[in-house]
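The values are calculated or read from the model by the stated rules, or taken from the named source; none is laboratory data. All figures in this text were calculated on a predicted structure; none of them were measured in a lab. Note that we place each Cβ from the backbone using ideal geometry, even for glycine, and neighbour counts take in every protein chain shown. All accessible areas refer to the heavy atoms of the entire protein, side chains included, with ligands and DNA or RNA removed. Shrake-Rupley method; radii C 1.70, N 1.55, O 1.52, S 1.80 Å.
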Amino acid sequence: MRKLLKWLAALVALVILLGLGLWWYLPRLNTPQTQGALALPGLKAPVKVVRDAKGMAYIHAADFDDLCLAHGFVTAQDRLFQMEVIRRLATGRICELAGEKARPLAMYFLTLGFRRNAERMAQKLTPDSRRFLQKYIDGVNHFIAARKDEYPLEFKLAGIEPTPWGVADSLAVQLFMTWGSSGNLKTEVAAQLMVDKLGLKRAQEIFPLTINPEEPGPPTSAPAPRSATRLNLAGDSRLPLLLGSGTLGLSSNNWVSGPGLSAGNKPILANDPHLDARILPGPWYPVGLITPQQRWVGVGVPGIPGVVVGRNRQVAWGVTNAYGDCQDLYVETLDPANPDNYLENGKPVPFQVVEETLNIKDSEAPGGMRREKVKIRLSKRGPVVSGILGVKTDKVLTLRWAPLEAFDGRLGLGKAMQATSARQFRDAIQGMRHFVLNYVFADTAGDFGWVVIGGLPIRGPGQGTVPYVVTSGQDNWLGWVPDNQMPQALNPAKGWIGTCNHKTITKDYPYYYSSRLAPSWRYRRLMQLMAAPGKKSAADHWAYQRDDKNLMAELLAPILAKALAHDPETRALAVLLENWDHRDRADQAAPLVFQAVYSRLALLTYRDELGEDLARFMLDQYYFWKERLADKVVNQPGWAWFDDIATPDPEGRDQLIRQAGREVLAEIGGDPRDWRWGEVHTLDLVSPVARKGFLAPLLGEFHPQGGSESTLLRGIYDFNKPYKVVIFDSLRMVADLADDDKVWAVLPGGVTARLFNPHTTDQVGPYMSGQPLYWWFSDEAITAHAVSELELQPAAK
């Protein structure tokens, strides 16, 4: 026995030693050089790269060119594998990683032609914009060429090598990002499928309802089309996949309080962009950029230079999706004499045909890669997309996308970063015409504002909600909304301004803006918080970003509870809703009751008329239906859509609510008092090399999550795959312009995209708990929190 105990003790000691060895070794296995000195050709003077305890780099350079060069190099140190994956996805090369199963996704992006259009855009760049991009790309490429021993381990695991970047690669990634913020395509497809199913008049009864909470009077429906042709579209199983197609799904909150509402008597700006950021370490790369003339701290996108969200010495800025409609589907008329032509004003015009190469990972092919030539057809409006949208139709559909036409050679961001006042920032950021975004901004002098940027087409009446049938050679885009007529405000009298993807325009706005806008509940809650007495501190704004009060539930839960209480089988659900404070807390049962019952009510409302597949496709687009259904639940309990047309007796709202409750009880099971929102509403953050399987939780971070689609603390789930979180705060930032030392900020991941590196996940704990972390801003704060220093040196002459 004594001998056995000795053996066990020795074994335990060996396991402990191995564990300690791995704990020490694994982080160093996949870590770039962050101390000492390295050569970086192209520098005019040495550059200092200081890193803090989070691994965040603060780059000190003699001028802006050297700063951009070093920024590219340092980004590649931390994020090169992530950059490579995004580039391959955006340019239709994802089959090189994923093989044949990724063909639909690859064909989707090859057809959209981000790389093809990026090459054209590169030719239009202004000299300043080209220099801004090229310096950054030069830094990336030096890391690829000279630091092969520091490539992320993920390259070996994936069996690929990084290749040099060009300016067009960076522009293709920008197009990928802006595509993710261009959501109207889904609305057009859903609306057309409904017209085909029901006819225009009946379909319009459930078209989106959009509300500006600050505008008095009744809400407005989506603009009514002048006419709509039945196109006989039919969705297939790929429809939700392809219309979501690997994009990031940009949503978000941003706001700024003016000096009169801010504790430090200078503006405070808050921003939390909502993205699908489940793949660690997240899409944002935080960095400090410092020259003798200026300094910046904030986040950008790996592969793209600049600070998208952040501040400089005088100005802070933050972004949300503006959802301005920049996508149109067109129904082309084929030449009956030659299907290779389409008719333009009655005259045949040949489709332009572009040949692309599809590379497919295949172990049986020579070199492990199979190559196929594919042909893409284009009309003068854009590519033929009938075959990639997941719809079945005998019509030829083409896609027109405003950023490709609006781009004028300016990137906008580089100049905006140099702004020293709110007005300068507003004017400069409007040069970013290939995105449609809400920017809020403020300066240390006390000015603050908001502007919608991007190219927004001027359309004729009744256009934008359904595909446009081409019947003549006349262009239905009549021009571009002038910059000074884009929605915007400066120093509003209420003392603050913000956006939550909601309707910001008023009824007198002279142009069609969009039929896809967020429900008003988040912004209504923000209005409540900002109207509370007293000045707000940075800590207050930080708390607002995690606010879980659900105003939609506050309005609807009492109606659900009253209906459920009339059925003994569902009374337990009613009790939970009656005693709920309408906060979507992870440790409570009532949020799950509300989400499950209300979602099932929505499905029961629409399924009988639309059919299962179309109803679910529409319901997965929360912005399409949530505002209208809430209005009907409150104001029209006898609405015809509540009646199940498959039954002989008419039903109303309350009967459907009780049916929804019974179905939810049968589906979830157990005692509803034991349900917990956070047990099903989880945030699963995963490594790019282990997204599923037993390694996923070992290499990732899985946590219960509060909030919902309707709260400032965002936690959107896929309607058809409840309740795991897919869209959430990808960053929380609060910039107090009275504080010269720091910016409050946290990521749901970390700085570094390297397996086993602690800075891949070290911010997840603070993110989940609400603990503030900081980007250091002043020299004193950066020096006080420095843990490493690397010098990048000019190449010896």
FRET efficiency for residue 37 and residue 695, Cβ-Cβ distance as r, R0 = 45 Å, nearest 0.05? 0.75
Please give the peptides 638-650, 659-671 ranked by average Cβ packing (other Cβ atoms within 10 Å per residue), highest first, as a rough proxy for protection. 659-671, 638-650
Please compute the per residue accessible area over the chain with all protein chains in place, 1.4 Å probe, rounded to a whole number of Å². 38 Å²
Give the Rg (one decimal place) followed by the Dmax (whole number) of the chain, computed from C-alpha coordinates and expressed in Å. 27.0, 97
May I ask you to derive the relative contact order of the chain, considering only C-alpha pairs under 8 Å and at least 6 residues apart, and to give it as an integer percent? 19 percent
Taking the mean number of other Cβ atoms within 10 Å as a proxy for protection, how do you rank 64-72, 562-570, 711-719, 746-754 from highest to lowest? 746-754, 64-72, 711-719, 562-570
Cα-based radius of gyration of the range 742-797 once divided by 2.2 N^0.38 Å, which approximates compact folds: 1.45
Quantify, in whole percent, the carbon and sulfur part of the accessible surface of the chain (1.4 Å probe; protein heavy atoms only). 55 percent
Gain on full stretching of the segment that runs from residue 673 to residue 357 - 0.36 nm per residue minus C-alpha separation: 108.1 nm
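Ranked from the most accessible area to the least, with a 1.4 Å probe and all protein chains present, what is the order of 85, 575? Each step should come with its number before you reach the end.
Values: 85 35, 575 70 Å².
If we order 85, 575 from most to least accessible, we get 575, 85.
Starting with the highest mean, order 357-368, 33-44 by the number of other Cβ atoms within 10 Å, averaged over the residues of each peptide.
33-44, 357-368
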With a ≥ b ≥ c from the Cα gyration tensor eigenvalues, square-rooted, and the rule rounded for a/c under 1.5, otherwise prolate when a/b > b/c and oblate otherwise, the range 674-764 is oblate
Note on the range 378-512: alpha-carbon gyration tensor, axes a ≥ b ≥ c; rule is a/c under 1.5 for rounded, else prolate if a/b larger than b/c, else oblate; result prolate
How would the range 500-549 be classified by its alpha-carbon gyration tensor: rounded, prolate or oblate, with rounded meaning a/c under 1.5 and the a/b versus b/c comparison settling the rest? prolate
